[in-house]
Amino acid sequence: MKIQTSFWKKCALFQNIPESLIREFLEKNDAGILSLKKGELVFHEEDEPKGILILLSGSIVVGSNTLSGKRQIVTTIDRPGEIFGEVFLFMRKTCYGHYAEAQKDSRILRIPERVLMEPGEVNSRILENMLSILASKAFYLNRRLQIVTCSSLRQKIAKTIAMSIGGDFSRPYTAGREELADFIGAARPSVSRELMNMQREGLVRVEGRKIFLAGPEALDMQE
């Protein structure tokens, strides 16, 4: 299994576990790598959750479609080491109820569900790390609620970007305007117009698909 050493340090699921033990654990338990082209689905809405998925490279969007056919984005997975799909797994859902689609060519590490319930030192550490990950995601959902309750489109845009970049204002938001619009539940033309206004006021810098937030002051606007 060809995975660079630097990856293990980025993945919260394997924190504080020696690389040699991680590799032994993955090989022993038949973990596999999925390679997807842009537009291919990691899973469909009706698929049954059967393992933990970890992004190795690329970008994945998780979403669903309304009865009217409108796409709703739940989250974008674009950082190597990010985990997704585990909530549905631990809730014992019979299907995801969402789809996951590759936004670009991507590679995903898949770990079978059964190994998490087996005894062992590595298994125990992984479960401890998983609890920390789930707690972090609960915090993320609380922040998302703050975005939904924002009074203006401008505030929703700024807070969404800030949440994505994790407070690192040198890091761009890269999901693109369409995904941004879907995430906050607004029309793309409206989001594009507001981004142009924000750029004129020096609150953001737009470079193609990349959107840079100027700094904390961009989060203080009231209009």
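The values are calculated or read from the model by the stated rules, or taken from the named source; none is laboratory data. The structure displayed is predicted, hence computed values, not measured ones. Reconstructed Cβ throughout: ideal geometry from the backbone, glycine too, with neighbour counts over all protein chains shown.
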**OP:** From G120, G167, grab the single residue that is over 24 Å from K70 (Cα atoms) and surrounded by 13 or more Cβ atoms within 10 Å (Cβ to Cβ).
**Re:** G120
**OP:** Could you name every one of the strands (runs of 3 or more DSSP E) located completely within region 1-75 that has at least 2 residues being free of Cβ contacts under 8 Å to residues at least 60 places away in the same chain?
**Re:** 51-57, 60-65
Original post:
Of all residues in region 143-154, which are in contact with a helix residue (DSSP H, G or I) (Cβ under 6 Å, 6 or more places away or on another chain) and assigned to a helix (DSSP H, G or I)?
Top reply: R143, I147, L153, R154
Original post:
Can you tell me how many residues in region 177-191 are touching a residue at least 60 places away in the same chain (Cβ under 8 Å) and either exposed (fewer than 12 other Cβ atoms within 10 Å of the Cβ) or not in a helix (DSSP H, G or I) (or both)?
Top reply: 1
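Residue-by-condition table, conditions (1) surrounded by 20 or more Cβ atoms within 10 Å (Cβ to Cβ); (2) outside the structural domain of K50 (by the TED database); (3) under 26 Å from Q15 (Cβ atoms):
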site: P80; (1), (2), (3): no, no, yes
site: S106; (1), (2), (3): yes, no, yes
site: L116; (1), (2), (3): no, no, yes
site: M163; (1), (2), (3): no, yes, yes
Original post:
With respect to I17, is the statement that it is assigned by the TED database to the domain that holds N123, farther than 20 Å from Y96 by Cα and among the β-branched types (V, I, T) true?
Top reply: yes
**OP:** Can you tell me which residue within region 155-175, out of those that are touching a residue at least 60 places away in the same chain (Cβ under 8 Å) and not in a helix (DSSP H, G or I), is nearest to E101 (Cα to Cα)?
**Re:** A175
**OP:** Please state which one of R125, R114, R107 is in contact with a Ser or Thr (Cβ under 8 Å, 6 or more places away or on another chain) and outside any loop (DSSP other than H, G, I, E, B).
**Re:** R107
**OP:** Show the residue pairs that are 6+ apart or on different chains and have beta-carbon atoms under 7 Å apart, the first residue being within region 77-89 and assigned to a helix (DSSP H, G or I), the second being at pLDDT 90 or above and surrounded by 20 or more Cβ atoms within 10 Å (Cβ to Cβ).
**Re:** E86/I52; F88/P49; F88/Y96; L89/P49; L89/I52
